[in-house]
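J.: Supplied in structure tokens, the structure appears directly below.
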Amino acid sequence: MAEPTVLLSGLGIPESPRWHDGRLWFCNWIDRQVVAAGMDGTAEVILARDPDSQSMGYSIDWLPDGRLLTTGDKIQRQEPDGSMVILAEQHANEIVVDERGNAYINGADFDFVGGGAPEPGYIKLLTQAGELRQVADDIQFPNGMVITPDNRTLIISESFAGRLTAFDIDPDGGLSGRRVFAEGLGPDGITMDAEGAVWTGSGGFGVARVAEGGEVLQRVELPENRAPFAVMLGGPDRRTLFILTAEWHPADGAPANLDRLTNGPRTGEILTLPVEVPGAGRP
């Protein structure tokens with residue numbers, strides 16, 4: 001099996017990767033940027049905000065008409081002229097948009113960065129009409145989400161529970177039929193392939209491809225203290241696995257690690273690895 005190779009380095013925490021319009025788009029946390037990179041490693045900063053602001057930079061996705069959505073302490077939409085429109089005064093982490101234009105966002109209302117006591121999180125739905133409503137609760141630190149190609153199932157990472165959880169998507173956009181997709185993982189950002197398997201963090205320093213039910217089909221190990229924050233299947237045929245990583249020392253806790261990444265060397269990297277089964281679904 002091939003070894004991962006470095007596409008980009010010198011990043012803060014690369015997160016929320018999306019394959020869009022022939023490039024890998026991602027959020028460069030710490031520096032509050034949305035960046036698009038080609039397969040040759042050429043990178044372009046698409047959006048940038050005040051590093052002290054929380055207004056942009058957590059996660060991105062696109063509406064069916066091509067307009068970009070961003071999360072942070074607000075949900076915003078980029079208009080064709082480049083201006084940003086606030087859609088909801090809602091703090092949110094990850095976002096995924098279905099083929100109808102429904103945007104699913106998630107979050108948890110506690111101070112993770114400051115070491116606050118964990119509280120269960122949620123998934124909310126923002127419709128194209130602008131209605132925002134909660135569609136799932138009791139999510140143990142919600143993270144990456146995917147929607148299956150048939151637009152009927154949403155899968156979310158519950159990072160603190162070490163599992164992937166699936167929901168049926170109802171005709172009105174609501175979620176029902178909650179069930180475990182896989183357990184015993186270290187899930188963060190996730191991506192789905194054409195066989196219905198999900199790539200995610202394996203726990204520790206590596207990523208895994210898992211089938212519904214929890215069977216691990218493939219593992220990729222990373223160097224010690226190099227944590228996988230997200231993965232994405234992309235490239236011209238969607239057979240390139242992008243692994244977004246940064247140096248992380250679990251024993252030090254989140255506040256110390258984030259302080260190190262904010263004020264120290266930028267250790268974030270994007271790795272690439274060829275795989276056999278192409279990506280599918282959204283994002």
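J.: In whole Hz and in residue order, list the ³J(HN,Hα) couplings for segment 60-69 that follow from phi through the Karplus curve 6.51 cos²θ - 1.76 cosθ + 1.60, θ = phi - 60°; x for Gly and Pro.
T.: Per residue, the Karplus-derived 3J(HN,Hα) values read 9, 6, 10, 6, x, 7, x, 7, 7, 10 Hz.
J.: Only Cα pairs within less than 10 Å get springs; with that Gaussian network setup on the chain, which residue of Glu212, Glu79, Glu221 has the largest fluctuation?
T.: Among Glu212, Glu79, Glu221, the largest mean-square fluctuation in the Gaussian network model of the chain belongs to Glu79.
J.: Right, next: Take Thr127, project a point 7 Å from its Cα along the Cβ direction, then tell me which residues of segment 164-196 have their backbone nitrogen under 20 Å from it.
T.: Residues passing the 20 Å test: 168-177.
J.: GNM, the chain, Cα, under 10 Å: largest mean-square fluctuation among Ala48, Ala246, Ala227?
T.: Ala48
J.: Given H placed on each backbone N at 1.01 Å, which residues far from Trp248 in sequence or on other chains put an amide H within less than 5 Å of it?
T.: Those qualifying (amide H under 5 Å, at least 5 residues apart or on another chain) are Arg226, Ala227.
J.: Order the peptides 128-140, 90-102 from the highest to the lowest mean number of other Cβ atoms within 10 Å of their residues. Walk me through the intermediate numbers first.
T.: Details: 128-140: 13.7, 90-102: 19.8.
Peptide ranking by packing, descending: 90-102, 128-140.
J.: For Leu8, which sequence-distant residues (separation of 5 or more, or a different chain) have an amide H within less than 5 Å of its own amide H, given hydrogens modelled in the peptide plane?
T.: Ile270
J.: Can you give the FRET efficiency for Leu217 and Asp81, using 1/(1 + (r/R0)^6), R0 = 30 Å, r = Cβ-Cβ distance, to the nearest 0.05? Walk me through the numbers on the way to the answer.
T.: Numbers: r = 45 Å, r/R0 = 1.50.
Step by step, r from the Cβ atoms, then E = 0.10.
J.: Could you work out the local net charge near Arg282, counting Lys and Arg as +1, Asp and Glu as -1, over the other residues with Cβ closer than 10 Å to its Cβ?
T.: Numbers: positive: Arg18; negative: Asp61, Asp98, Glu99.
Taking every other residue near Arg282 into account, the sum is -2.
J.: Specify the inter-centroid distance of segment 12-30 and segment 253-283, based on alpha-carbon positions, in whole Å.
T.: 9 Å
J.: Could I ask something else about it? Would you grab the residues whose amide H sits under 5 Å from the one on Ala280? Only those 5+ places off in sequence or on another chain, please, with H modelled 1.01 Å from N.
T.: For Ala280, the qualifying residues are Met192, Asp193, Ala194.
J.: Right, another one. Given (i) 1, 5, 12, 16, 18, 17, 13, 9, 5, 3, 1, 0, 0; (ii) 1, 5, 9, 12, 14, 13, 11, 9, 7, 5, 4, 3, 2, 2, 2, 2, 1, 0; (iii) 1, 6, 13, 19, 21, 19, 14, 7, 1, 0 as candidate values of P(r) over Cα pairs in 5 Å bins from 0, in percent, which corresponds to the one derived from the coordinates?
T.: Checked against the structure: label (iii).
J.: Given the options Val210, Val231, Val85, state which has the largest fluctuation in a GNM of the chain using a 10 Å cut-off (strictly under) for Cα springs.
T.: Judging by the Gaussian network model, the answer is Val85.
J.: Also, I was wondering about something else. Calculate one ³J(HN,Hα) per residue across segment 184-197 by plugging θ = phi - 60° into the Karplus curve 6.51 cos²θ - 1.76 cosθ + 1.60, and present them in order as whole Hz with x for glycine and proline.
T.: Taking θ as phi minus 60°, the curve returns x, 10, x, x, 9, x, 10, 8, 10, 10, 6, 9, x, 7 Hz for segment 184-197.
J.: What is the magnitude of the charge dipole of the chain about its Cα centre, with +1 placed on the Cβ of each Lys and Arg, -1 on the Cβ of each Asp and Glu, and no other charges, expressed in debye to the nearest 20? Could the numbers behind the result be given before it?
T.: Working: 22 positive and 42 negative charges, 46 e Å.
With Lys and Arg at +1 and Asp and Glu at -1, about 220 debye.
Values in this text are rule-based calculations from the coordinates and carry no lab data. A quick note: this is a predicted structure, and the numbers were derived from the prediction, not measured. Methodologically, a virtual Cβ is constructed for each residue, glycine included, from the backbone with ideal geometry; neighbour enumeration extends over all protein chains shown.
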